[in-house]
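**Student:** What follows is a single structure, and I will ask about it in a moment.
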There are 2 protein chains.
Amino acid sequence: MTARDVAARAGVSVTTVSRVLNDKAVDLTPATCERVRVAARELGYQVHPAASALRRGRTGTLGLVVPDIGDQYFHRIARGVEDAIRPQGFGIVFCDTDRDASLEDEAVDMLLSKGVDGIVLCGGGLDDDRHLRSRRWHNTPVVTIGPHRLDFPAISADDVGAVAALVRHLHEGGRRRILCVAGQPTWLVTKQRLVGYHTAVEELGLDDDPKLVVHAGFTAEAGEHAVRQARERGIDFDAVVAFDDYAALGALHALQALGIAVPEDVAVAGCDDIDFARFARVPLTSVRFPTYEMGRAAARLLAPPPGEREEVVAAFGFELHVRESSAPAGRRG
Amino acid sequence: MTARDVAARAGVSVTTVSRVLNDKAVDLTPATCERVRVAARELGYQVHPAASALRRGRTGTLGLVVPDIGDQYFHRIARGVEDAIRPQGFGIVFCDTDRDASLEDEAVDMLLSKGVDGIVLCGGGLDDDRHLRSRRWHNTPVVTIGPHRLDFPAISADDVGAVAALVRHLHEGGRRRILCVAGQPTWLVTKQRLVGYHTAVEELGLDDDPKLVVHAGFTAEAGEHAVRQARERGIDFDAVVAFDDYAALGALHALQALGIAVPEDVAVAGCDDIDFARFARVPLTSVRFPTYEMGRAAARLLAPPPGEREEVVAAFGFELHVRESSAPAGRRG
């Protein structure tokens with residue numbers, strides 16, 4: 001099967017076939033292009049992918065680096081990227097890093113070795129991105145999502161404002177000592193969300209006891225452990241704000257196992273508003289970031305649809321979803 | 001930057017550099033190979049990926065086709081595939097199909113056009129795979145996971161046994177009319193799991209009223225809708241078995257909203273044992289398939305680690321996880 005067979009079937013020249021199948025048919029009619037594509041499909045003819053990549057200088061793939069594709073925050077981003085670039089025929093090569101700097105570095109190595117046309121880097125911001133700032137990118141375009149210290153176009157969410165809004169909401173419900181179940185101190189997302197926590201605590205004159213900030217992680221186990229440890233150390237609190245919903249669900253579980261009523265004794269709120277939030281034992285208050293739209297925006301920056309010149313939104317807000325877990329303090333009013 | 005610079009820095013010939021970086025250095029010492037790699041890395045030199053793909057006849061990528069990477073069943077598979085092939089430098093190009101046959105077909109087109117070295121096809125089995133049986137695969141190796149009607153090496157789980165085990169467990173708890181919240185009738189996974197349901201219902205002499213089988217889907221909304229509709233139609237049931245945990249959580253939510261106590265009035269059980277099952281309003285009984293290991297097995301079939309000759313397990317079992325949602329009937333004993 002060669003381009004000649006396709007040309008014969010479509011009634012065009014071999015050059016036309018080549019131009020259509022390599023997306024260089026700028027001056028051909030849509031009908032001609034369609035006829036060539038139909039003929040190629042009927043005959044099962046495909047341009048050799050590697051040869052095509054060499055000729056066009058691209059492989060038609062984007063790299064996606066995420067801490068964990070199983071975390072709803074990131075798979076919503078992944079779907080946004082995928083849906084935005086699917087019409088252009090791109091594929092996504094994804095890598096999980098488990099928030100490990102050396103795995104993140106290896107992931108980028110792998111993606112560059114595959115010749116991806118661009119990289120969406122999200123959820124990292126580990127160790128101030130030192131390993132990424134010192135590395136080579138071989139002129140591959142990169143867009144970051146979330147807090148980073150890299151000199152690339154960035155899509156960001158209002159992490160500071162979201163956590164401050166949660167603290168203000170808990171304060172309105174009569175809470176005064178808010179246990180902050182944060183991520184690891186080396187993660188930029190932790191630093192950003194802590195700015196939100198401290199800003200609101202200070203503004204409202206709440207207790208700023210440093211023991212109220214616990215560095216945990218973004219898993220249910222981390223949230224469970226943080227709450228149990230705080231109780232064992234005799235730390236008194238009437239609310240928990242976790243920087244991740246999985247951690248918030250773990251915190252909720254630990255509180256109930258310890259016989260502490262949610263929300264009567266302790267209110268709980270999380271971040272990211274995963275689908276499960278509403279199915280939790282006590283439906284969970286959370287903040288939702290428009291992660292699907294953030295993924296779309298990143299894809300549009302890297303691979304704008306043909307002819308598109310509109311501006312891409314780069315800074316996104318959040319929505320507060322109030323549920324039963326943060327109802328006003330029951331035994332205090 | 002050329003191979004000549006790397007050769008000069010490593011103190012070897014250009015041919016040696018080329019053989020090391022193209023994995024053809026079978027007769028060179030490990031020390032020489034390491035020296036070349038260090039020099040290449042320090043200078044930021046990489047083999048042009050497309051050229052390399054042409055020469056080696058592969059792109060170093062595997063395709064992964066899933067209904068929804070956000071569903072825990074599939075992202076556990078994805079992690080299994082990824083962890084198994086990462087040491088060999090492969091990347092995964094993933095595609096979501098939303099269980100739509102034409103999207104699945106397009107996903108395979110896209111993957112073949114990228115020249116992936118193999119494809120892991122999972123969770124499909126739509127319309128008896130007619131669209132996939134009639135298409136061309138261009139000699140690309142394929143491994144399927146889950147029920148399919150394709151002539152490729154297959155990794156399977158015991159869908160029949162798992163659902164039969166759930167029905168037997170509900171029967172032991174005193175339940176007699178078990179509402180089956182199934183997937184769509186055109187999905188092979190629905191057909192398989194229905195065999196399990198019907199086998200156990202018949203074996204135990206339970207009520208086999210056809211109205212007890214509802215074709216819904218694998219989302220919380222589908223489970224909610226199925227239960228509400230069954231109630232509106234006056235269908236009497238004392239247990240729900242859903243073919244997916246998301247649907248089971250939706251069913252649980254609908255029952256509680258209708259004032260029906262779980263597990264006292266109606267028991268609920270799901271499939272897949274997602275992490276959230278234990279955090280649900282009433283902790284959810286479910287069956288767990290070893291999806292991570294299934295993904296690893298698929299990757300090993302497609303890209304065996306160098307030198308490996310061990311057999312790959314292709315048929316996997318399940319584990320029943322009993323929780324509060326299926327405790328024995330409260331007001332019946």
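All of the numbers you see were taken from the coordinates with simple rules; none came from a lab. All figures in this text were calculated on a predicted structure; none of them were measured in a lab. Every residue, glycine as well, gets a Cβ built from its backbone with ideal geometry; the counts of neighbours run over all protein chains shown.
**Student:** How crowded by other chains is B:81-92, given as the mean number of beta carbons from other chains within 10 Å of each beta carbon? Spell out each step's value before the answer.
**Tutor:** Numbers: counts 0, 4, 1, 0, 0, 6, 0, 0, 5, 3, 12, 7.
So the per-residue partner count for this stretch is 3.
**Student:** Let me ask another. Residue by residue through the range B:158-172, which ³J(HN,Hα) values in whole Hz follow from phi under the Karplus form 6.51 cos²θ - 1.76 cosθ + 1.60 (θ = phi - 60°), with glycine and proline marked x?
**Tutor:** Ordered by residue, 3J(HN,Hα) equals 7, 4, 5, x, 5, 5, 4, 5, 5, 5, 4, 4, 5, 4, 4 Hz.
**Student:** Against the longest principal axis of chain A, how steep is helix A:30-43, in degrees 0 to 90 to the nearest 10, with axes from Cα atoms?
**Tutor:** That helix lies at roughly 90 degrees to the long axis.
**Student:** Next question, about the same structure. Find how many whole Å separate the alpha carbon centroid of the range A:98-151 from the alpha carbon centroid of the range A:183-206.
**Tutor:** 25 Å
**Student:** From other protein chains only, count the Cβ atoms within 10 Å of every residue's Cβ in B:106-113, then give the mean. Please report the intermediate quantities before stating the final value.
**Tutor:** Working: counts 2, 2, 0, 3, 6, 2, 3, 9.
That average works out to 3.
**Student:** Amide H of B:A267 versus every other amide H placed in the peptide plane: which residues, excluding those fewer than 5 positions away on the same chain, fall under 5 Å?
**Tutor:** Residues meeting the criterion, in which the H sits 1.01 Å from N, are B:A239, B:V240.
**Student:** Would you please give the residues with an amide H less than 5 Å from that of B:I145, counting only those at least 5 places away or on a separate chain, with H modeled from the backbone geometry?
**Tutor:** For B:I145, the qualifying residues are B:L121, B:C122, B:G123, B:I155.
**Student:** How high is the relative contact order of the range A:163-284? Use alpha-carbon pairs under 8 Å, at least six apart in sequence, and give a whole percent.
**Tutor:** Numbers: 210 pairs, mean separation 32.8, N = 122.
For the range A:163-284, the relative contact order is 27 percent.
**Student:** Moving on. Place the peptides A:167-176, A:8-17 in order of packing, highest mean first, counting for every residue the other Cβ atoms within 10 Å and averaging per peptide.
**Tutor:** On the way: A:167-176: 19.2, A:8-17: 16.5.
Order by mean packing, descending: A:167-176, A:8-17.
**Student:** Restricting to DSSP H runs of at least four residues, report the calculated mean residue ellipticity at 222 nm for the protein assembly as shown, -39500 (n - 2.57) per run over all residues, nearest 500 deg cm²/dmol.
**Tutor:** Numbers: 24 runs with 275 residues, N = 666.
Result for the protein assembly as shown: -12500 deg cm²/dmol, rounded to the nearest 500.
**Student:** OK, next. Report the relative contact order of chain A, percent, no decimals, based on alpha-carbon pairs under 8 angstrom and at least 6 residues apart.
**Tutor:** Working: 644 pairs, mean separation 55.1, N = 333.
Normalised by residue count, the contact order of chain A is 17 percent.
**Student:** How far is helix A:101-113 tilted, in degrees, relative to the longest principal axis of the Cα atoms in chain A, given as a value from 0 to 90 rounded to the nearest 10?
**Tutor:** Helix A:101-113 sits roughly 10 degrees off the main axis of chain A.
**Student:** Exposure proxy check: B:L258, B:L112 ranked by fewest other beta carbons within 10 Å? Mind showing how you got there, number by number?
**Tutor:** Working: B:L258 12, B:L112 20.
Lowest to highest Cβ neighbour count: B:L258, B:L112.
**Student:** Still on this structure, please answer the following. In straight Cα distance, which aspartates and glutamates are under 20 Å from A:K114, not counting same-chain residues fewer than 8 positions off?
**Tutor:** A:E82, A:D96, A:E104, A:D105, A:E106, B:D23, B:E42, B:E82, B:D83, B:D109, B:D117
**Student:** Sort A:86-93, A:137-144, A:286-293 for me by packing, meaning the mean count of neighbouring Cβ atoms within 10 Å per residue, highest on top. Display every interim value, and only then the final one.
**Tutor:** Details: A:86-93: 19.2, A:137-144: 16.9, A:286-293: 21.8.
Per-residue mean Cβ counts within 10 Å order the peptides as A:286-293, A:86-93, A:137-144.
**Student:** Can you put B:V313, B:V266 in order, fewest other beta carbons within 10 Å first? Present the calculation step by step, with values, prior to reporting the outcome.
**Tutor:** Numbers: B:V313 13, B:V266 24.
Ascending number of Cβ neighbours within 10 Å: B:V313, B:V266.
**Student:** Could you run the Karplus curve 6.51 cos²θ - 1.76 cosθ + 1.60 with θ = phi - 60° over the range A:188-203 and give me ³J(HN,Hα) per residue in whole Hz, x for Gly and Pro?
**Tutor:** Karplus-based 3J(HN,Hα) across the range A:188-203 equals 5, 5, 4, 4, 5, 5, 5, 4, x, 4, 5, 4, 6, 4, 5, 4 Hz.
**Student:** Note down the net charge around B:P210, summing +1 for each Lys or Arg and -1 for each Asp or Glu among other residues with Cβ under 15 Å from its Cβ. Spell out each step's value before the answer.
**Tutor:** Details: positive: B:R177, B:K211, B:R233; negative: B:E202, B:D207, B:D208, B:D209, B:D236.
Once positives and negatives cancel, what remains is -2.
**Student:** With the cut-off at 1.5 for a/c, could you classify the range A:163-284 from its C-alpha gyration tensor as rounded, prolate or oblate? It would help to have the intermediate numbers written out before the result.
**Tutor:** Values: a/c = 1.27, a/b = 1.15, b/c = 1.10.
Taking the square roots of the gyration eigenvalues as a ≥ b ≥ c, the range A:163-284 is rounded.
**Student:** Using mean Cβ contacts within 10 Å as the protection proxy, how do B:323-329, B:197-203, A:232-238 order, highest first? Present the calculation step by step, with values, prior to reporting the outcome.
**Tutor:** Values: B:323-329: 19.6, B:197-203: 17.4, A:232-238: 13.3.
Peptide ranking by packing, descending: B:323-329, B:197-203, A:232-238.
**Student:** When you look at the Cβ of every residue in A:64-70, what mean number of other chain Cβ atoms sits within 10 Å?
**Tutor:** Working: counts 1, 0, 0, 0, 2, 9, 10.
Shielding by partners across A:64-70 averages 3.
**Student:** From the label point of A:R136, set 7 Å from Cα along Cα→Cβ, how far away are the matching label points in the other copies, in nm, ordered shortest to longest?
**Tutor:** Here A:R136 shows inter-copy label distances of 3.9 nm.
**Student:** To the nearest Å, what is the center-to-center distance of the range A:257-315 and the range A:2-16, using C-alpha atoms only?
**Tutor:** So the separation of the two Cα centres works out to 50 Å.
**Student:** Enter the angle in degrees (range 0 to 90, nearest 10) between the Cα long axis of helix A:220-232 and the first principal axis of the Cα atoms of chain A, meaning the one along which they spread out most.
**Tutor:** 20 degrees
**Student:** Pull up all non-local amide H partners of B:T285: gap of 5 or more, or a different chain, and H-to-H distance under 5 Å with H placed in the peptide plane.
**Tutor:** Distant-sequence amide H within range of B:T285: B:G270, B:R323, B:S325, B:S326.
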